[in-house]
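> Dropping a structure here in structure tokens format, bear with me for questions.
What follows draws every value from the coordinates through simple rules; no lab data is involved. In this text, all values refer to a predicted model and were calculated from it rather than measured experimentally. No Cβ is skipped: glycine too gets one built from the backbone with ideal geometry, and neighbour counts run over all protein chains shown.
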Amino acid sequence: MIEALQAQWGIPTAVTFAEGRNGLPLVTLTHASGARTDIYLHGAHVTSWAAGTGEELFFLSQASHFAPDRPIRGGIPVIFPQFGGGLLPQHGFARTSAWKIQNTAVACDGAVQAELVLEDTAASRALWPHLFRLQLAVELRDTSLALALQVTNRGTSVFPYHAVLHTYLAVSDIRMVGVRGLQGTTYIDSLRDDLREVETRPEIRFAEETDRIYVNTPDAIVMRDESRSREVRIVKTGMPDVVVWNPWIDKARRMVDFGDDEYRTMVCVETGNMAGLQVLRPGESRVGQTVFSAETGKCV
Ligand code: BG6
């Protein structure tokens, strides 16, 4: 399988296929600057991103499953068609589905691109009776990584959905981290019976479990990691909401695929439509995009 993928979609020095953990197929994009990203076909799951400096920017749990029926813990799980719990499995089925490569390319400006696709199957229709196409376009540049998630209704009836990039950022020490850009935004506090309040702080800091949906936020968010003098900028379009999540100590202990102390070294800043369902009519498509860019050595 890897040889066939390499023969069809590989591009010397830029796009390479390999067996990842537990033999799951993995594609690595490498930019001329040395920037690199790994994407598992299982879930179209980006598990690693290192900008040109070589520093890893995404968190990946040491305890993660790497199995066809389990989500990977870390990187960027793609959440569709349901965020959270409900009739479907938690966070939907896209993150545990086998995606296919639809295209790979190196653009004339050197950006390395891969596009992955997932369509409904008998198994997905048994859970969720809709005909859909999901496309995830990943584009790697020297200091940025862009993901565009497109949802298409291929069927004959309207469907509602959530589509989310559930990004786990790596941090050196959660107590030295701030998330900026959400002041003045209403949030739904999942830890307080979905109470709605307005964020008053210019910067969100972490000293306890945090699990909030910020509704209809500004499109530029910044995660500042003071210990590493690093900023990761997150710029989104067509993705109205942001979830800020850290499980902290007790929840970390309850999660089987997450180390007890790993809450210290991650924060999730998720982008998508978690606060409300979006709707697509037959034949319609909608795209949401998130661009991550990293700057280290910043005086933060
Ligand atoms: C976040 C939710 O998006 O995902 C949290 O807000 C949840 O409530 C977390 O715990 C992780 O979910 P899962 O299904 O990957 O364990």
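> Using only Cα atoms, figure out Rg for the chain and give it as a multiple of 2.2 N^0.38 Å.
0.96
> How would you rank 100-106, 242-248, 121-127, 285-291, highest first, on the average number of other Cβ atoms within 10 Å across their residues?
242-248, 285-291, 100-106, 121-127
> Per residue of region 40-55, what does 6.51 cos²θ - 1.76 cosθ + 1.60 with θ = phi - 60° give for ³J(HN,Hα)? Whole Hz please, x for Gly and Pro, Karplus curve as stated.
My calculation for region 40-55 gives 7, 5, 5, x, 6, 9, 6, 10, 7, 8, 10, 6, x, 5, x, 6 Hz in order.
> Next up: So for region 108-240, considering every pair of alpha-carbon atoms, how many percent are separated by more than 21 Å?
57
> Considering every pair of different Cα atoms, what Kirkwood radius, in Å, is found for region 48-192?
By the Kirkwood definition, the hydrodynamic radius is 17.5 Å.
> OK, next. Could the peptides 215-227, 138-150, 1-13 be put in order, highest first, of the mean number of other beta-carbon atoms found within 10 Å of their residues?
Per-residue Cβ counts within 10 Å, averaged per peptide and sorted highest first, yield 138-150, 215-227, 1-13.
> What is the set of long-range amide H partners of Val46 at a cut-off below 5 Å, with H atoms built 1.01 Å from backbone N?
Tyr40, Ile76
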